[in-house]
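Notes to accompany the following structure.
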Amino acid sequence: MIKLLGGNIIRFIVLVLAQILILNNIQISGYIVPHFYILFILLLPFETPRWFLLIVAFALGISVDLFMNTPGMHASATVFMAFLRPYVLEMSSPRDGYEPGTLPRLSYYGFQWFLRYTVILVIAHHFFLFYVEVFRFAEFFSTLLRVLMSSLFSIILIILSQYFIYRK
């Protein structure tokens with residue numbers, strides 16, 4: 001348990017620093033803005049209580065907000081994503097349920113399961129984040145294009161991280 005907690009604290013710090021120091025400086029024509037820090041919420045254990053999930057998501061989002069000077073946008077988007085996570089896990093659970101002691105990783109449940117799980121939550125996060133940022137529907141389609149392009153890039157980064165960092 002202590003090992004799992006220590007690993008999650010280190011992952012939290014590393015993902016926030018990677019987002020702030022590296023990924024925030026990558027913007028391809030204003031439409032592709034990768035948000036890799038949400039991998040932290042995706043990889044939390046299945047047994048994480050919902051209330052704790054929401055608190056951790058808020059802490060993650062507000063940490064990114066503090067460095068990006070975006071008051072509450074990332075915090076609200078990550079809390080929204082964390083709110084949806086239990087429902088997405090329930091919707092995409094295997095027939096026999098999740099095995100005890102496993103984590104939501106590509107290596108445990110396969111590419112198709114992890115891709116579906118990731119796509120739903122990343123698009124929900126990005127949709128919420130970008131529409132809160134714009135806060136009007138006048139630029140609906142250009143914002144939708146930003147959501148889709150940024151989601152695609154973020155999903156590719158998350159899937160690649162599963163192959164290179166979180167191997168069995």
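In table form, for the structure just shown:
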{"item": "Student exercise, the chain dipole from Lys, Arg, Asp, Glu Cβ charges, in Debye to nearest 20", "result": "300"}
{"item": "Packing rank of 28-37, 53-62, where each peptide gets the mean count of other beta carbons within 10 Å, highest leading", "result": "53-62, 28-37"}
{"item": "Relative contact order (percent, whole number), the stretch 2-164, Cα cutoff 8 Å, 6+ residue spacing", "result": "26"}
{"item": "Derived scalar couplings ³J(HN,Hα) [the stretch 13-27; Karplus, 6.51 cos²θ - 1.76 cosθ + 1.60; whole Hz; x for Gly, Pro]", "result": "5, 5, 5, 5, 5, 5, 5, 6, 7, 10, 6, 5, 8, 9, 9"}
{"item": "Rounded tilt (10° steps) of 106-134 against the dominant C-alpha axis of the chain", "result": "30"}
{"item": "Residue exposure sequence - S150, S76, S93 - by fewest surrounding Cβ within 10 Å", "result": "S93, S76, S150"}
{"item": "Order of R136, R116, R50 under a 10 Å beta carbon neighbour criterion, fewest first", "result": "R136, R50, R116"}
{"item": "Label point distance in nm, I55-Y31, each placed 7 Å from Cα along Cα→Cβ", "result": "4.2"}
{"item": "Helix 140-164 vs. the chain, principal-axis angle (Cα, 0 to 90°, nearest 10)", "result": "30"}
{"item": "Helix-only CD estimate at 222 nm, as mean residue ellipticity for the chain, using -39500 (n - 2.57) per DSSP H run (n ≥ 4)", "result": "-23500 deg cm²/dmol"}
{"item": "Modelled FRET efficiency - R0 22 Å, I10 with V119, Cβ distances, 0.05 increments", "result": "0.25"}
{"item": "Stokes-Einstein D in µm²/s, Kirkwood radius over Cα pairs - the chain at 37 °C with 0.692 mPa s viscosity", "result": "201"}
{"item": "Length added when fully stretched, E90-R105, from 0.36 nm per residue minus Cα-Cα", "result": "3.9 nm"}
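Laboratory data are not the source of any read-out in this text; all were calculated from the coordinates shown. The structure presented is a predicted model; accordingly, all values stated were derived computationally and were not measured. For neighbour counting, all protein chains shown are included, and Cβ atoms are generated from backbone atoms with ideal geometry for every residue, glycine included.
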